[in-house]
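A.B. asks: Sharing a structure, written as structure tokens. Questions coming.
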There are 2 protein chains.
Amino acid sequence: MSTPHQSRADRRRATEARILDSARELFAEKGFERTTIRAVATAASVDPALVMQYFGSKRELFSQAVQTLPGPLTATDADELVDQLLASLGLKLGGLPEGALAMMRSMLTDQAAADHVRAALGRQIDSVGAALPAAEDAELRAALVVTALLGVTIGHRLLGLATLREVPADHIAALLRPAIKALTGPQG
Amino acid sequence: MSTPHQSRADRRRATEARILDSARELFAEKGFERTTIRAVATAASVDPALVMQYFGSKRELFSQAVQTLPGPLTATDADELVDQLLASLGLKLGGLPEGALAMMRSMLTDQAAADHVRAALGRQIDSVGAALPAAEDAELRAALVVTALLGVTIGHRLLGLATLREVPADHIAALLRPAIKALTGPQG
DNA sequence: CCATTCACTCAACGCTTGTTGACTCACTCA
DNA sequence: TGAGTGAGTCAACAAGCGTTGAGTGAATGG
């Protein structure tokens, strides 16, 4: 009753997308290990074997369903930097995509996810450090800024702390801004 | 050749402690789900069935091996507060006990661990919020401080970011202090 | 219209897991 | 010394997992 005439290729693409959506949602909610292919298949109204046929393995399904964390930044001055940072960790403007949450959810218990997140954070630390005034501790300060924001995002989106969930993201960003500036160095 | 004469009760206590140590270590390294009773038993040079006999279930073993995160704080002024916070999340003076790391490792993928961490963080947020000057956003500011430090600890101890691992904890604490003060409010 | 392709299902495999009950044997103690 | 307790082992179960190969039936294309 919904789609009156669909070609075979269209149906194929649609089911594949349905599987990916279900996978992303379950991976974000339960993490890699606790998400079963059978559960993904059920959520997508499909046989488990089809998931294997399309994606080859659970690992490959994870890779395709999940997105990496935001990459390096392009800001050059401190104010712009803070904005980009807050946005990239989902503390402004709508939050992180579900695929990034799925990756983060698994980062403490899955080797591959940990490597991925470590690399992404490393790139972000490097670009923040490069944008900082040439202090001695530029890279360390950058790492503290990035991990501190990571912690706020975890508390907010993955742990669902009540205190943070009730507050609009812009308000959180506004409170964080002076703290980040204090972290990036006395000079500004 | 090591312990020449040990009573039955002594041996029993020793094996139980050996099992708990192995469990704590493995839970901290791999998390609840990926740690198997068989692996704990092997690491403790013991049969898996003995672990069950002593602790009843994997969940109960986890509860007994793991320690909760540090509880509420007792500081009344801002300077003391910052010190206690940094210490309680392992950023000063030797770091968190392994049992707390085990709990944190599982907090994103295990319901019970998540509940435990949420509760501990909530208590900590409350006590920080109470110690803050009576600003409107006291509780929110407290939550941001606590989760930011949580993030630094995760990056440092659970993800093992190189930039943070190479630096002494006191140095990290020194850099974080002004940022925390900026977060807790303009008035200090 | 018929042979072919291909999305999709079914049933089963091999493995690992938590968990259990029966067993062995060294130590305790009367 | 000899009965009994209790620490520790062994072998197995049932359930759940990722994964596989054979099968089905409708859309396709000549």
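A.B. asks: Can you list the helices (runs of 4 or more DSSP H) found entirely within the range A:17-92 that contain at least 3 residues being surrounded by fewer than 21 Cβ atoms within 10 Å (Cβ to Cβ) and either away from DNA strand C (no atom under 12 Å from the Cβ) or modelled with pLDDT under 95 (or both)?
C.D. replies: A:58-65, A:78-88
A.B. asks: List the helices (runs of 4 or more DSSP H) that sit entirely inside the range B:123-188 and contain at least 3 residues that are under 23 Å from A:ALA114 (Cα atoms).
C.D. replies: In the range B:123-188, the matching helices (runs of 4 or more DSSP H) lie at B:138-153, B:162-165.
A.B. asks: If you scan the range B:157-188, which residues turn out to be more than 8 Å from chain A (Cβ to nearest Cβ) and hydrophobic (A, V, I, L, M, F, W, C)?
C.D. replies: Hits for the range B:157-188 are B:ALA169, B:ALA173, B:ALA174.
A.B. asks: Another question about this same structure. Quick check on this structure: which one of A:ARG118, A:ARG141 is closer than 16 Å to B:VAL152 by Cβ, among the charged types (D, E, K, R) and free of Cβ contacts under 8 Å to residues at least 40 places away in the same chain?
C.D. replies: Answer to the selection: A:ARG118.
A.B. asks: Checking B:LEU91 against (1) among the aliphatic types (A, V, I, L, M); (2) under 24 Å from A:PHE32 (Cβ atoms); (3) more than 16 Å from DNA strand D (Cβ to nearest atom), only one condition comes out false. Which one?
C.D. replies: All conditions pass for B:LEU91, except number (2).
A.B. asks: Cβ contacts < 7 Å: first residue within 23 Å of A:LEU96 (Cα to Cα), restricted to the range A:23-43; second residue aliphatic (A, V, I, L, M) and not in a helix (DSSP H, G or I), any location; separation 6+ or different chain. Result?
C.D. replies: Every condition considered, the pairs that remain are A:ARG24/A:VAL66; A:PHE27/A:VAL66; A:GLY31/B:LEU108.
The values are calculated or read from the model by the stated rules, or taken from the named source; none is laboratory data. The structure displayed is predicted, hence computed values, not measured ones. Please note: Cβ atoms are built from the backbone with ideal geometry, for glycine as well, and neighbour counts cover all protein chains shown.
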